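To start, the structure itself, in structure tokens.
The values are calculated or read from the model by the stated rules, or taken from the named source; none is laboratory data. None of the values given here were measured: they were computed from a predicted structure. When we count neighbours, we look across all protein chains shown, and the Cβ atoms used for this are built from the backbone with ideal geometry, even at glycine.
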Amino acid sequence: MAKAKVAVLISGRGSNMAALLYAAKAADCPYEIVLVAANDPDAAGLTLAAAEGIPTFAHSHKGLKRAEFDQIIDAQLRRAGAHFVALAGYMRLLSPEFVAGWDNRMLNIHPSLLPLYKGLDTHQRAIDAGDSHAGCSVHVVTAELDDGPVLAQTPVAILPGDTPDSLAARILIAEHQLYSRTLAEFVGRERHPDWLLNQVREAALALPQADEIVSHGMPCFGIVKGKKFAYFTRNHHGDGITALLVKATAPDEQAMLIESDAERYYRPAYFGDEWVGIRLDLGDTDWDHIAGRLRASWLQVAPKKLLGLMDIADQF
Ligand code: GAR
């Protein structure tokens, strides 16, 4: 199975980036690093990444507006084909536009047990507070600084006589282990059938009058007391595939889609030409596209009365 493509953003030393990079060398690691980018051309981590054969990009943020700079970085991430972004000591506040573009696809590592000690000087603050433990957290990046859902944490005991530096050095060991493990789990969940079904379910049941039943052993979405507009198939007849089946919107659409991307689209057995299979287990599913396909499929089968309601809703 193809590995998930991850870009790493750094500002300096890049030891967390190195930990991610070396973990990615294991054959069974579900991600690969496709780019290491920095907002400081002198960031030491760039040299290491380049020596390991990873493409690098550097651009100073100096003199640029935040959103302008973020656009430059965003363009590089997309050019590299990144599907996820890992912030690793990237000491920049991010523009809301940049964060929105990587919604639920960008992780950060922070040297504290969040929600404690967001921002800077985390080690000093934990020592000053007399905490028994400091630690590190990996979280999903949202618009608020160090605020997104925490995915995993490692507590690290504070020793008598610890200075911010001695504590930071021990936490860094924990960071290096926590980040690669958490990133691997995070990118892996997108191939897990339960997670994929939840994504489909959320989008399908958001459509007017939609309900879910089981049909031919598959979760199936239809209009209440009406026709079906989507099926979720998971290893059906042992085919090993997790996919969504939706109605085609034109007679030749199935063939066109298969021709455009034969890995992703297929003709579902027993469903004829009216339905299209869309693989969800390739690791790079565009969920906006899936929501659009579900809506288009719903529109194919919705009774006129409901379509009228949709037209009205669309005007707002
Ligand atoms: C790490 O300790 C990381 O947790 C921290 O900067 C250090 C970067 O080291 N990040 C933050 O404080 C983000 N708010 P590295 O460049 O060697 O990975």
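Is it the case, given these coordinates, that Leu116 is surrounded by 13 or more Cβ atoms within 10 Å (Cβ to Cβ), more than 16 Å from Ala19 (Cα to Cα) and either among the aliphatic types (A, V, I, L, M) or at pLDDT 95 or above (or both)?
Against the criterion (surrounded by 13 or more Cβ atoms within 10 Å (Cβ to Cβ), more than 16 Å from Ala19 (Cα to Cα) and either among the aliphatic types (A, V, I, L, M) or at pLDDT 95 or above (or both)), Leu116 qualifies.
Between Gly130, Gly188, which is farther than 15 Å from Ile109 by Cα and within 15 Å of the chain's Cα centre (by Cα)?
That would be Gly188, the only listed residue that is farther than 15 Å from Ile109 by Cα and within 15 Å of the chain's Cα centre (by Cα).
Can you confirm whether segment 195-215 contains a residue that is surrounded by fewer than 17 Cβ atoms within 10 Å (Cβ to Cβ), under 18 Å from Phe84 (Cβ atoms) and of a type in the set (Gly, Ala, Ser)?
no
Return a yes/no flag: does segment 167-185 have any residue that is away from the ligand (no atom under 16 Å from the Cβ) and either β-branched (Val, Ile, Thr) or surrounded by fewer than 17 Cβ atoms within 10 Å (Cβ to Cβ) (or both).
yes
Would you be able to tell me the number of residues in segment 2-19 that are under 19 Å from Gln76 (Cβ atoms), of a type in the set (Gly, Ala, Ser) and at pLDDT 95 or above?
Summing the residues that are under 19 Å from Gln76 (Cβ atoms), of a type in the set (Gly, Ala, Ser) and at pLDDT 95 or above in segment 2-19 gives 4.
Which residue pairs have Cβ atoms under 8 Å apart, sit 6 or more places apart or on different chains, and have a first residue in segment 227-245 that is closer than 25 Å to Ala296 by Cα and modelled with pLDDT of 90 or more and a second that is of a type in the set (Val, Ile, Thr) and part of a helix (DSSP H, G or I)?
If the second residue must be of a type in the set (Val, Ile, Thr) and part of a helix (DSSP H, G or I), the pairs left are Lys227/Val301; Lys228/Val301; Phe229/Val301; Ala230/Val200; Phe232/Val200; Leu244/Val200; Leu244/Ile290.
What tally of residues in segment 243-269 results from selecting those that are farther than 17 Å from Phe229 by Cβ, part of a helix (DSSP H, G or I) and acidic (Asp, Glu)?
Of the residues in that region, 1 qualify.
Could you check how many residues of segment 156-172 are under 25 Å from the mean Cα position of the chain (by Cα) and free of Cβ contacts under 8 Å to residues at least 60 places away in the same chain?
So the count comes out to 0.
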